[in-house]
Amino acid sequence: MTTNTNNKEKNILDSVIYSYTSDTNQMNEENRILKETVNKLKEELDKFKTTPLMVCDVRDIFGKDAIIRLPNGNQFYVTVSEECGKLKPGDVVLTDQKNLTIIRKMPLTKQFDIESFVIVEKPKVPWSAIGGLDLQVQEIKEVVELPLKRPELFKKIGITPPKGILLYGKPGTGKTLLAKAVAASTNSTFIEVVASELVQKFIGEGAKMVKEIFELARKKAPSIIFIDELDALAARRIEIGTSGEREVSRTFMQLLAEIDGFEPLDNVKVIGATNRKDILDPAVIRPGRLDRLIHIPLPKKEARLEILKIHSGSMSLGKDVDLSNLSADMEDFSGAEIKAACTEAGYFAIRENRTSIIRRDFLRGIEKVKQEEEAEGGDYMRMFG
Ligand code: ATP
C-alpha cells in the first residue's frame, strides 16, 4: 500500500518537474530569440547613428597628406588614415565629414556603368537613307570614313585627318542621321551623348563621365562619339560664377583634354552637332580638335524631293500623287518635318479607311505640320525627329 502511494507521488513529482523543465526550455528558446532581435535592432540603430562618409577625388599626394576635391568642387589639404593603404591621384576615397581625413579607398570597381548612361549601338543607317546632302556626305566620307577605313593612305601621303568634325545647322536636318550613317559604313561603335544631359543629370560627375566615354570608345574601337547639342557644354562663357557654371566648364575642359589626348589616326572620331554654332567656344573648333565644320542646311526643292522619295518609299501611293509638286509645297521644311508630313498623310488615309495615300492626304499632312510648327515652335518636329 505504502509502496503504491510512494510510486504515485513520485509520478506526480516527475510530471511536475517535467512540466517545469519543458517550460524553462521554452522560455530559454524565447529568450534566445528576443536577444537576437534586440541585437539586430541595436545593429540597425547603430547604422542610423553613424555619420555618412563623403566621396571625394584625390588630386595630389604629399607624403602622409593629400589634396582632395569635394563633389562641390572645393579642394582641401587633408591627412590620410594609416589603414587607408597607398593612394594615387585620381583615386576615389571616403572621408570623414567633419575633418575630411581620408578613411578608406573606394574599391576599384567602377562607380557607375557608363554604358547605362550613354547610347551605345551599331547603327545600320545606309548612306542611301540620307537625301539631298550629297556634298556633306562626300565631305564626311573623306574626313571620317576614309581615315577609319584606310589610315595607311594618310600615313603614306603624310597628312593628318581631323580628329573630329562639327555638324551645324537647323534642328531635324539630318545631323544625327549622317553620324549614324558614317558609323554604319565603317562598322564603328556609335556612342551618342547628349551634352545638355551630361551637364544637367550628372552634376559633379560630368568630367568623369567624359573620361569614361572616351575610355569606352577606345575599348570598343573603331568608334564614333557623337555629341549632340554640343553648345550646352561648349558655349562661350563670359564669366564663370556659379558652381553649376564651374561644373560645366570642368566637363568642357575634360572634353578638350580627351580630344587632345588621342591621335588623329587612332580609330576614334568625335562628331559634334549643334544648332547654335554662333555661341560655341572657339577652343572646341581650334585646329587639332573638331576643326572641320560642315554646315547641314535646310533642304532646297531638289533635296526635299529626294528626302520625300526616301520617306514615301514604302508607302502605297495613289495615282494622283506627284512628289515633285508636293516637295514644292514643303518650303522651309526640314528632313524631319518632311518625314512627319508623310506620317500624317498616312494617318489621314487610315482615318478614311483607305490603304493607299492620295494627294489630298499629303496636302493635309503638310498643312498640319505647318500649323503645328507655327503653334509649337518646332515641338511637333521633335516628335517625329
Ligand atoms: P537635332 O538637331 O534636333 O538633333 P538632327 O539634325 O540631328 O536634329 P536627325 O535626328 O538626323 O536631325 O533627323 C531626324 C529625322 O528626320 C531622321 O531620323 C530622318 O528620318 C529625318 N531626316 C532628316 N534629314 C533627313 C535627310 N536629309 N534625309 C532623310 N531623312 C532625313
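The numbers here are math on the coordinates, done by the rules we state, and not lab data. Owing to the predicted nature of the structure, the values given are computational and were not obtained by experimental measurement. In this analysis, Cβ positions are derived from the backbone assuming ideal geometry, glycine residues included, and neighbour counts consider all displayed protein chains.
Highest average first, the peptides 178-184, 35-41, 53-59, 359-365 ordered by how many other beta carbon atoms sit within 10 Å of their residues are 178-184, 359-365, 53-59, 35-41. Measuring between alpha carbons in the structure, the pairs from LYS309/LYS370; LYS124/LYS277; LYS156/LYS220; LYS64/LYS208; LYS141/LYS370; LYS88/LYS277 lying more than 30 angstrom apart are LYS141/LYS370; LYS88/LYS277.
Note on LYS105: aspartates and glutamates with a C-alpha under 15 Å away, same-chain residues under 8 apart excluded, are ASP57, ASP60, ASP65, GLU82, GLU83, ASP91, ASP96.
The alpha carbon gyration tensor of the range 301-384 gives principal lengths a ≥ b ≥ c with a/c of 1.5 or higher and a/b no greater than b/c, which makes the shape oblate.
Taking amide H as placed 1.01 Å from N in the peptide plane, the amide H of VAL321 sits under 5 Å from that of ARG359, each at least 5 places away or on another chain.
Take the Cα of THR343, step 7 Å toward its Cβ, do the same at LEU87, and the gap between the two points is 5.1 nm.
Taking every DSSP beta bridge that has both residues in the chain, what percent is antiparallel when rounded to the nearest 5? In the chain, approximately 50 percent of DSSP beta bridges are antiparallel ones. Using the Cβ-Cβ distance between GLU30 and LYS8 with R0 set to 35 Å, the FRET efficiency works out to roughly 0.60. Close amide H contacts of VAL270 (hydrogens built in the peptide plane, cut-off under 5 Å, sequence separation of 5 or more or a different chain): GLY164, ILE165, ILE225. Placing +1 on the Cβ of every Lys and Arg and -1 on the Cβ of every Asp and Glu, with no other charges, gives the range 1-108 a dipole of roughly 380 debye about its Cα centre. Sorted ascending by nearby beta carbons within 10 Å, beginning with the fewest, PHE348, PHE62, PHE76 become PHE62, PHE76, PHE348. Counting only residues at least eight positions apart within a chain, or on another chain, the lysines with an alpha carbon under 28 Å from that of LYS35 are LYS47, LYS49. Karplus-derived 3J(HN,Hα) values for the range 220-226, using 6.51 cos²θ - 1.76 cosθ + 1.60 with θ = phi - 60°, are 9, 4, x, 9, 10, 9, 9 Hz; glycine and proline are entered as x. Think of the chain as having a plus end and a minus end, set by charges on the Cβ of Lys, Arg, Asp and Glu; of THR343, ALA234, PHE262, PHE262 sits farthest toward the positive end of this dipole.
Counting only Cβ charges, +1 for Lys and Arg and -1 for Asp and Glu, the dipole size of the chain around its Cα centre is about 880 debye. Compared with the alpha-carbon gap, the fully stretched path from LYS301 to ALA221 is longer by 24.9 nm at 0.36 nm per residue.
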